[in-house]
Amino acid sequence: MRQDEQHLRFLAEHLLNSGVSDIGERERNALMRISRRLQANRASDHIPVEGVTFGERLADRVAEFGGSWTFISLFGSFLIGWAVLNTDVLRTHAFDPYPYVFLNLILSMLAAIQAPIIMMSQNRQAARDRLTMIRDFEVNLKAEAAVQALNQRVEHLTWNILADLNEVKNQLKAQSTKPEPENSAQ
């Protein structure tokens, strides 16, 4: 965290001393994205991830189980069992004969309870997704800044190498244009 504070202090000093007009287009765009994100998402930073209530944990568990193949197979077995019991086994003494009105009532009540629970769980998941998106955005900004710094460094090194090559070329050119000393022994 100490290094982040140093980077933040350096950025603040740089911007306060140089002004916005002296920074490049890429830096200006990054600063605009940061300022928009800070203004738009200030309240969403306080979404609780830890310390969820019993109801929220229960909603997550119900939604998780209600959307599983285990639930589908168990509930399908229950429905088939209900139909077989009331049609074939009990026949004339069925407690819920063929159009299965009581079963329909049970299914409607289950759907009426299960739907808001699943929606609560989806709202919590959406809040977690927003936090993940914000963290990813911050990581992407840091990565973009690191890549930009590396590009500047590579560009600097390239210009240094080209300057050195130009100097070597000029030295070779100067040596080739010098008249060679004649050998006096001939």
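The values are calculated or read from the model by the stated rules, or taken from the named source; none is laboratory data. The shown structure was predicted, so the numbers you read here are calculated from the model rather than taken from an experiment. Heads up, the Cβs are rebuilt from the backbone with ideal geometry, glycines too, and the neighbour counts pull from every protein chain shown.
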Every residue from region 66-102 that is in a loop (DSSP other than H, G, I, E, B), of a type in the set (Gly, Ala, Ser) and over 23 Å from residue 52 (Cβ atoms): 94
Taking region 76-116, which residues are within 36 Å of the chain's Cα centre (by Cα) and without any contact (Cβ under 8 Å) to a residue 12 or more places away in the chain? 110, 111, 112, 113, 115, 116
Got a sec? Which of 73, 35 is at pLDDT 90 or above and surrounded by fewer than 11 Cβ atoms within 10 Å (Cβ to Cβ)? 73
Scan region 103-110 and tell me whether some residue there is assigned to a helix (DSSP H, G or I), within 30 Å of residue 51 (Cα to Cα) and of a type outside the set (Val, Ile, Thr). yes
Among 179, 97, which is the only one that is surrounded by fewer than 10 Cβ atoms within 10 Å (Cβ to Cβ), more than 25 Å from residue 65 (Cβ to Cβ) and of a type outside the set (S, T, N, Q)? 179
